[in-house]
Amino acid sequence: MQLPRGDGRAASAAETARGGSGLATAYHALDDVVTRFALRDAALVVDVPSLGRQVLHAGRRPLHNDEQHLHHAQPGLYLDPPVDVPLLAEVMVAMTVLGFRLDAENPQSALA
Amino acid sequence: MSLDALELELRGLPGVFAVGFAEAEGVTIVELQAGPDACDELARDATLLACSRLVQPLAVEIVRWGDGPPAAPESRLRVLDVTTDPAAGELAVHLARGDERAVGRASTAHGLLSVVEATVYAVRTFLPRLPYLPGWARTVETTPDRRFLVLASVTDPEARSHLRGAAEGGTPLEGAVRATLAALNRTISREL
């Protein structure tokens, strides 16, 4: 599958990865997915060793009444409308877990 | 302190699985989604953290999901007293579990961190295998009626996990003891 060209946000996410927190990088990448696929919404569900199940909503927006029942969801990338790109989901989940781990090990990165 | 740091601290509160932010008419709304293992003090802890990190006005909304069976009643450690001995340069934290008592002592050389140390040592009387080490503590606010809001952190170096708690007290020392217990209580309650 050929991903459409980005609008520069991917470069921004990569820049965040160099000097920002793991959490900020994950949100940047998630927002970039929304933009590139012209989605209405996106969320990530991950299992973090020290935190348990965690849900990230694009744009850091509240889940409100969680109409997608993400609080019950298995780890993965949840896109609205659905887009079937398994590798993207795997990479996003792995990167986000790694980001949480890095932030736990280096809290100063989250202070930047 | 960045929004990332606040979000990470909020996600570190027991039971919290999602954090979101919104703005409405000049008010920052912090929404937490929490599972059945969230503690009763979640709203208070989250509000104290948010107030210490964000420019006000703000509101904290908690969405609780009550899946699963009711949680078992929790055992909690109680604060009995915090005493200082200036001549010896030492402070003592007195805790209780039911009728049992424990005292943790530490040098006063490290300010509020000494209180966290003494509290952790006292907790170890009940839980010798407690993996958490003292991290830091600081007073984040003093209220007009001279109550002290304190944040405290403890760290499990092996699991690389941090627990943070917030509490207030009549003195910074009392606030630091209560904040340390607020950080630990939910995790240790199953073993008490």
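The values are calculated or read from the model by the stated rules, or taken from the named source; none is laboratory data. Bear in mind that the values here come from a model prediction, so they are computed numbers and not experimental data. Note: ideal-geometry Cβ built from the backbone for every residue, glycine included; neighbour counts use all protein chains shown. Accessible surface areas use protein heavy atoms only, side chains included; no ligands, DNA or RNA. Shrake-Rupley method; radii C 1.70, N 1.55, O 1.52, S 1.80 Å.
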Compare B:H162, B:H110, B:H94 in a GNM of chain B, Cα atoms joined below 10 Å, and give the one with the largest fluctuation.
B:H110
Where in the range B:168-192 does the amide nitrogen come within less than 13 Å of the point 7 Å from the Cα of B:E141, taken along Cα to Cβ?
B:168-169
Cα Rg, Dmax (largest Cα-Cα span) when computed across chain B, Å:
17.0, 55
What average number of partner chain Cβ atoms lie no more than 10 Å from the Cβ of the residues making up A:59-70?
4
Spatial separation of Cα centroids for the range A:53-112 and the range B:124-192, in angstrom:
29 Å
One point scatterer per Cα, no solvent, Debye formula: log10 I(q)/I(0) for the range B:1-112 at q = 0.15 Å⁻¹ comes out as -0.84
So how tilted is helix B:172-188 from the main axis of chain B? Cα-based, degrees 0 to 90, rounded to 10.
70 degrees
Shielding by partners - mean other protein chain Cβ count within 10 Å, residues of A:82-95:
0
In Å², and per residue, what accessible area does the range B:106-192 have when probed at 1.4 Å with the other protein chains present?
44 Å²
Debye calculation, C-alpha points only, no solvent: report log10 I(q)/I(0) for the protein assembly as shown at q = 0.07, 0.10, 0.12 Å⁻¹, in the same order as the q values.
-0.30, -0.59, -0.82
Choose one of B:F126, B:A24, A:A42: the residue whose Cα lies farthest towards the positive end of the charge dipole of the protein assembly as shown (beta-carbon charges +1 Lys, Arg; -1 Asp, Glu; about the Cα centre).
B:F126
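What whole-number volume per residue, in cubic angstrom, does the convex hull of the C-alpha atoms of the range A:16-112 give?
Working: hull volume 9.7 nm³, N = 97.
For the range A:16-112, the hull spanned by Cα atoms encloses 100 Å³ per residue.
With a sphere of radius 10 Å drawn around the Cβ of B:R147, what net charge do the other residues whose Cβ falls strictly inside it have (Lys, Arg +1; Asp, Glu -1)?
Working: positive: B:R146; negative: B:E141, B:D145, B:E168, B:E174.
Cβ neighbours under 10 Å give a net charge of -3.
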Kindly sort A:S21, B:S107 by accessible area of their heavy atoms, largest first, with the probe set to 1.4 Å.
B:S107, A:S21
